[in-house]
Amino acid sequence: MSIAAEQPAVSTSREPSFLVLLFSRGSVIAGSFLIALMVLTAVLAHWIAPFDPNALNIANRLQPPGSAAHLLGTDEFGRDVLSRVIHGARTSLAIGIAIVAFAVGIGTLIGLVTGFYNRVDMVLSRIMDGLMSFPGLVLAIAMTGVMGASSTTVVLALGIVYMPRVARIIRSAVLVVRELSYVEACFALGATRFYVLFRHVLPNVMSPIIIQATFIFSYAVLGEAALSFLGVGVPPTQPSWGNMLAEARTFIVLAWWMALFPGLAIMITVLGLNLFGDGLRDALDPKLKGR
Amino acid sequence: MSVAGETSPPMLAIRDLQLGFRSHRGDVQALAGVSIEVGEREIVGIVGESGCGKSITALSVMGLLPEGTTRVMGGSIEFRGDDLLTLPPRERRQMRGRDIAMVFQEPMTSLNPIMPIGDQIAEPIRLHLGLKGAAVTEHALDVLDKVGIPRSRNILPDYPHQLSGGMRQRVMIAIALACNPSLIIADEPTTALDVTIQGQILDLMVEARDTFGTSILFITHDLGVVAEICDRVVVMYAGKVVETGRTDEVLSSPRHPYTQGLMRSLPSLDTRQERLETIPGSVPALFDMPRGCRFRPRCSYADDGCRRDPPVEVIGGQKVKCWKARQISGVHHA
């Protein structure tokens, strides 16, 4: 039959691969460049940082940028700002990734279950609503109060704060997918609910999950910085952008560079993630395909 | 043609099925005592307008009624002697796809868009036949061959959007036939297809019956399709069966005023008509059913006597639920 012979060849040649589609967008290229820059900085921190980020040098404190081999100046203990920004990338990105894994992993699971099983939906969704009704940072500060300030606490606290958002978005995506006729067709084949949920529904809600992951990542970087700035985040012994900002607050009039460079690092990371996330969302949206 | 013999028990017997929808106006009756029988190797058509209960009848046989909003209020569905309505859910699930399979209306949306069709055909094979590895692929290729898809090994890694509508419906039928079920329920499988493809799919279904002995319950609103493939036809109106009989008899001499109306509203190529005839009025809402005969408000023969529940009249091989059936038939033959 000629229908069978022609069809696949015609349609495959017409559709560019997803990656080509994705990287044809300026925002995605710019975003991935900024993200790659930050990731490389974090991975290579030990080799590219000119100084030990924690080495004190009281004689050289509060040096302005460009002076005596300190490209971005020094802080109130004479620590090199550039080295601390570079090492701060490790902290921020590691914590960001951990928060994304936690929030998206558990959020997706809860979203799938609440969207698919009416019986647990009522209870779990109200719990999610309850978590969302707390201001995120206040909840995180309260948790730190109970568990003590550490990287783990930051991950848990922000993970719990962002998890309901993921759950809610996945739930609404599942509500759409579960009404589609291939889901019914699958039940008509005798498949169990569990099988249909993980084999058919989950892959079909992957695109909102991936998009959410990039945005949660940028929220997480901001959230970690905010918590560290407030002194309830990463312990001060560990260089992090939020910690650096917190210390810079006292010296903002004397040493603007202490605040500017970690601030810029945060901005570049969040900008990169958001540009990438926007482009990803557009590329994954079937309505915008071919544009 | 094989019509259910009077002696052999039917494969599927829906008896006096009553089904309610829960709504904010209270429970409404969607099916008011529907009885349908399907014999071995028989193709039975259910015809009726949207909302007359044909799809919901099919779903209740499958056990796929939406939870919480629908309730079976009476009757039984017997399949090879077992009452499906009293079977435990687990056994019912195992029957789906293995003993009773379903083909849906929309071949565009009835396949998972992001899963290669080879994997989708493999699902019922793995699930019910317990095959693994290469045996699954072999079986899938066999089934695809049977539904007339050549070069099928090349088609296995394809995604549904790479296939035409007709090909997709063939794949759907392949999936339904995969475990060699005794009964296939086809819910308007040709409605979304071109007329030429429609013919091929209908031929395929008749072929499935002839080669595998599969019975088919065919749901449609297209009397042309019924004429083409069905041995018997069941006409439904507003949640009730109004007429049943052999297809040639019902279509050549319809006894129920509603069936007659349906026949008259078909366009004809022989006579040039300015306007098609229609049945006046519209289907009554479920919560506002007229007493007695439900077709009464739209029926030109109706009188006060029709306010009582109509009896089932047997005229020749046809069963007609109408007070006026004999009178109309007389008129019809004159």
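The values are calculated or read from the model by the stated rules, or taken from the named source; none is laboratory data. This one's a predicted model, so the numbers in the text were calculated from it and none came from an experiment. In this analysis, Cβ positions are derived from the backbone assuming ideal geometry, glycine residues included, and neighbour counts consider all displayed protein chains. All accessible areas refer to the heavy atoms of the entire protein, side chains included, with ligands and DNA or RNA removed. Shrake-Rupley method; radii C 1.70, N 1.55, O 1.52, S 1.80 Å.
Normalised by residue number, the volume inside the convex hull of the Cα atoms of region A:173-272 is 126 Å³ per residue. Each Cα pair under 8 Å and six or more residues apart adds its separation to the average, and for chain B the resulting relative contact order is 20 percent. Modelled label positions at B:T69 and A:S17, each set 7 Å beyond Cα in the direction of Cβ, lie 4.3 nm from each other.
For B:L87, the solvent-accessible surface computed with a 1.4 Å probe is close to 30 Å², ligands and nucleic acids excluded. Once you divide the Cα radius of gyration of chain B by 2.2 N^0.38 Å, the number left is 1.04.
Compute, for region B:1-149, the length of the dipole vector about the Cα centre, with Cβ point charges of +1 (Lys, Arg) and -1 (Asp, Glu) only. Units Debye, rounded to 20.
Working: 15 positive and 19 negative charges, 91 e Å.
That gives a dipole near 440 debye.
The accessible-area ordering, largest first, of the residues B:L31, A:L260 stands as A:L260, B:L31, per a 1.4 angstrom probe.
Carbon and sulfur together cover what percent of the accessible area of region A:175-224 at a 1.4 Å probe radius?
On the way: 1330 of 1840 Å².
Answer for region A:175-224: carbon and sulfur cover 72 percent of the accessible area.
Model label points for A:F77 and A:M267, set 7 angstrom from Cα along the Cα-to-Cβ axis, are 2.7 nm apart. Compared with the alpha-carbon gap, the fully stretched path from A:L137 to A:F33 is longer by 34.5 nm at 0.36 nm per residue.
What is the percent carbon and sulfur in the accessible area of chain B, measuring with a 1.4 Å probe over the protein chains and ignoring ligands?
On the way: 7430 of 14920 Å².
C and S fraction of accessible area: 50 percent.
Rounded to the nearest 5, the antiparallel percentage of DSSP beta bridges internal to the protein assembly as shown is 65%. If you take the Cα centroid of region A:146-163 and the Cα centroid of region B:66-105, the two points sit 49 Å apart. Note on region B:15-85: semi-axes of the ellipsoid equivalent to its C-alpha gyration tensor, largest first and rounded to whole Å, are 22, 14, 10. Over all alpha-carbon pairs of region A:232-288, lay out the pair-distance distribution in 5 Å bins, whole %, shortest bin first. That works out to 4, 18, 17, 16, 13, 9, 8, 7, 5, 3, 1, in percent per bin. For chain A, modelled as a GNM whose springs connect Cα atoms under 10 angstrom apart, the maximal fluctuation among A:R165, A:R126, A:R84 occurs at A:R126. For the protein assembly as shown, the tally of Lys pairs with Cα-Cα distances below 30 Å comes to 9, considering only residues 8 or more apart or on different chains.
Could you tell me what fraction of 2.2 N^0.38 Å the Cα radius of gyration of chain A comes to, as a two-decimal ratio? Let's see the in-between values first.
Values: Rg = 23.3 Å, N = 291, 2.2 N^0.38 = 19.0 Å.
Rg over 2.2 N^0.38 Å, computed on Cα atoms: 1.23.
Under 8 Å for C-alpha pairs, at least 6 residues apart: give me the relative contact order for chain A, rounded to a whole percent. Don't jump to the answer; show the numbers that get you there.
On the way: 418 pairs, mean separation 72.6, N = 291.
That works out to 25 percent.
Between B:M289 and B:F212, full extension at 0.36 nm per residue minus the direct alpha carbon distance yields a gain of 23.5 nm.
Close amide H pairs (under 5 Å, H built 1.01 Å from N) link B:I216 with B:E42, B:I43, B:V44, B:I184, residues at least 5 positions away or on another chain.
In the context of the full protein assembly, A:S133 retains an accessible surface of approximately 90 Å², using a probe radius of 1.4 Å and ignoring ligands and nucleic acids.
Semi-axes, largest first, in whole Å: what does sqrt of 5 times each Cα gyration tensor eigenvalue give for region A:93-143? Write down the numbers at each step before the final one.
Working: eigenvalues 107, 54, 6 Å².
Equivalent ellipsoid semi-axes, largest first: 23, 16, 6 Å.
Among A:S151, A:S83, A:S172, the largest mean-square fluctuation in a Gaussian network model of chain A, built with springs joining Cα atoms closer than 10 Å, belongs to A:S172. For chain B, the solvent-accessible area works out to 45 Å² per residue, with a probe of 1.4 Å and every protein chain left in place. A:I268 exposes around 50 Å² of accessible area when a 1.4 Å probe is run over every protein chain in place.
Each stretch of four or more DSSP H residues adds -39500 (n - 2.57); spread over every residue of the protein assembly as shown, this sum gives -15500 deg cm²/dmol at 222 nm.
Across every pair of different alpha-carbon atoms, what Kirkwood hydrodynamic radius in Å does region B:219-331 reach? Present the calculation step by step, with values, prior to reporting the outcome.
Details: mean 1/r = 0.0676 Å⁻¹.
Computed over region B:219-331, the radius equals 14.8 Å.
Could you work out Rg/(2.2 N^0.38 Å) for the protein assembly as shown, with Rg from alpha carbons only? Don't jump to the answer; show the numbers that get you there.
Values: Rg = 33.5 Å, N = 625, 2.2 N^0.38 = 25.4 Å.
Normalised Rg, Cα atoms only: 1.32.
If I build a Gaussian network model for chain A, linking alpha-carbon pairs within less than 10 angstrom, which residue out of A:L189, A:L264, A:L22 has the largest mean-square fluctuation? Among A:L189, A:L264, A:L22, the largest GNM mean-square fluctuation belongs to A:L189. Here's the picture: charge each Lys and Arg Cβ at +1 and each Asp and Glu Cβ at -1 in chain B, and of B:A13, B:P181, B:V72 the one pushed furthest to the positive end of that dipole is B:V72.
Remark on region B:36-162: Rg and Dmax equal 17.2, 49 Å (Cα only). Over all projection directions, the Cα-based convex hull of region B:148-261 averages an area of 8.4 nm².
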